[in-house]
Amino acid sequence: MIIENSTTISLCNSEFQRLSGYTKDEIEGKKSWTEFVTKEDLGRMLSSHHLRRKNPDAVPRQYGFQFVTRTGEVRDMCFVVDMIPGTDRSVASLVDITDLKQAEHERTRLEAQLYQAQKMEAIGTLAGGIAHDFNNILTALVGYATLLQMKVKRGTSRNYVDQILAASQKAADLVRNLLAFSRQQRIRLEPVSLHEIIRRTEKLLSRLLTEDMVIETYLAPDDIIVMADATQMDQILFNLTTNARDAMPQGGTLTIRTEMVELDDEFQRLHTYVKPGPYALLSVSDTGTGMDESLQKRIFDPFFTTKEVGKGTGLGLSTVYGIVKQHKGYITVYSEPQMGTTFHIYLPTVKKNSKKETSGPGPIQGGKETILIGEDSETVREFASTILTQHGYTTIEAVDGQDAVDQFRTAHTIDLLILDSVMPKKNGREAYNEIRAIKPGIKVIFTSGYTRDVLLDKGIQDEEFNFLQKPISPLTLLRKVREVLDSGQNEEKAACKNSDRNA
């Protein structure tokens, strides 16, 4: 297009007509180019316009600005302008770079998501390593404190020991909460009280909120038992509370409510993925900014976030969604702008008498068998050996996987292996495979402070072998040892089934 000194457009081509939405007759001699520039860019461009007429070399001949069409649409343009020699006119060309800018923005967004995913993977790897070391420490702490508890029956000393064990259990729960967020954590479904979970986490949830926010809980009159992993349920509450906090920048109320509901055929008609029946309904509501319908459709997408770069991972609600699905439950959301948000989580219920009895296990039994302990942590190895020898067993200690194989070769009779899954020189599975070649049918218990995905990398498949997750209490260790030794199950079949796959 040709621009007069007065900023009037005296000539334009068909492409400018298409971009602007005006006809040739409506533009030429009647429109100023300033009418097509956003307010934010107009001052800068007018300054360049006047300077160019004094000295064409004083300002750049090419730059970008935002172009306003007849309908009010704003598009990104690349603007190239040159003075026509001997005149006060200039010739300008426009290139629509809107799609290019959007593609660049999308590329930047995807790069940020990739960086975030890599950062989360790094955090997960770090968490797994910390958990391994920390769970080894907790195994020894819980183990020796339990041994002391057995000897101290009453008085102040007994109270001190009880407090140590209570604190150790909180530390173990903290590690599991960390792993539930950062890595794959094996789901352990068991009958649990939904109300107990809420009461236990309520104080922790309040610490996530600011002083101008309050938590209100309204629990159903009767306790509700669901088949769930308590740690994962904690994670749901943590994530939804964090999400609610960020949605209430001016303060507000977080409400947690439970009730029993019956999902019928009509509910299934509206939500085809639902199986009718009795459900526990856990509702988490906030009085925050709310969301429109378009946002509600995307909130469970991984990495989707409305927060500024660096202030949100976009993983919180997708994590909640995944946990609910793993529990064979359903989650819905209702929200309106400036009216707050409510998440409804439906979880299958079980009968109260299905809850595990705490008084079931009988007295601890010892034995006379010989047990090989392969463990690279000295404190854990000594603890396991101490508790087992106190109950009549003979123990042989190995400091790594290769040492376990060497000790087995020189020993006359070994009835059971207790092998840490991750050890130097040979991991637990590698050591077991070599020992199994010497003595088919040898019984084994694998232990680990690592997370589920690390164990799968080491060839320890889900449900394939007897397994103890650290930290391990003395009673748990003794019961598992006796259970495996008394079992007639021959694990050789399970091992052979996967030996080729894990070789």
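The values are calculated or read from the model by the stated rules, or taken from the named source; none is laboratory data. The model shown is predicted, which means the values in this text are computed figures rather than measured ones. A quick note on method: Cβ atoms are made from the backbone with ideal geometry, for glycine too, and the neighbour counts reach across all protein chains shown.
Conditions (1) in contact with a Leu (Cβ under 9 Å, 6 or more places away or on another chain); (2) farther than 13 Å from residue 3 by Cβ; (3) exposed (fewer than 12 other Cβ atoms within 10 Å of the Cβ), marked per residue:
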residue: 26; (1), (2), (3): no, yes, no
residue: 35; (1), (2), (3): no, no, no
residue: 38; (1), (2), (3): no, yes, no
residue: 42; (1), (2), (3): no, yes, no
residue: 46; (1), (2), (3): no, no, no
residue: 49; (1), (2), (3): no, no, no
residue: 52; (1), (2), (3): no, no, no
residue: 60; (1), (2), (3): no, yes, yes
Right, residue 10: under 23 Å from residue 87 (Cα atoms), outside any helix (DSSP H, G or I) and either of a type outside the set (A, V, I, L, M) or touching a strand residue (DSSP E or B) at 6+ places or on another chain (Cβ under 6 Å) (or both) or not?
yes
The residue that is farthest from residue 284 (Cα to Cα), considering only those in region 223-272 that are of a type in the set (Lys, Arg) and in contact with a strand residue (DSSP E or B) (Cβ under 8 Å, 6 or more places away or on another chain), is 245
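Residue-by-condition table, conditions (1) modelled with pLDDT under 85; (2) within 30 Å of residue 388 (Cβ to Cβ); (3) in a loop (DSSP other than H, G, I, E, B):
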position: 320; (1), (2), (3): yes, no, no
position: 328; (1), (2), (3): yes, no, yes
position: 343; (1), (2), (3): no, no, no
position: 346; (1), (2), (3): no, no, no
position: 357; (1), (2), (3): yes, yes, yes
position: 360; (1), (2), (3): yes, yes, yes
position: 363; (1), (2), (3): yes, yes, yes
position: 366; (1), (2), (3): yes, yes, yes
Among the residues listed as 133, 173, 162, the single one being at pLDDT 75 or above and within 29 Å of the chain's Cα centre (by Cα)
133
Has region 183-195 got any residue that is modelled with pLDDT under 80 and crowded, with 19+ Cβ neighbours inside 10 Å?
yes
Residue 370 passes all but one of the listed conditions (1) crowded, with 17+ Cβ neighbours inside 10 Å; (2) within 30 Å of residue 150 (Cα to Cα); (3) of a type in the set (Ser, Thr, Tyr); (4) at pLDDT 90 or above; the exception is number (1)
Matching residues in region 389-404 - criterion: being among the aliphatic types (A, V, I, L, M) and under 38 Å from the mean Cα position of the chain (by Cα)
398, 399, 404
Residue satisfying condition, being modelled with pLDDT under 80 and within 19 Å of residue 319 (Cβ to Cβ), within set 254, 204, 240:
204
Here is a check on your reading of the model: is residue 215 more than 25 Å from residue 326 (Cα to Cα) and either at pLDDT 90 or above or surrounded by 16 or more Cβ atoms within 10 Å (Cβ to Cβ) (or both)?
yes
Could you grab me the full set of residues in region 421-438 that are in contact with a strand residue (DSSP E or B) (Cβ under 7 Å, 6 or more places away or on another chain) and modelled with pLDDT of 90 or more?
431, 432, 435
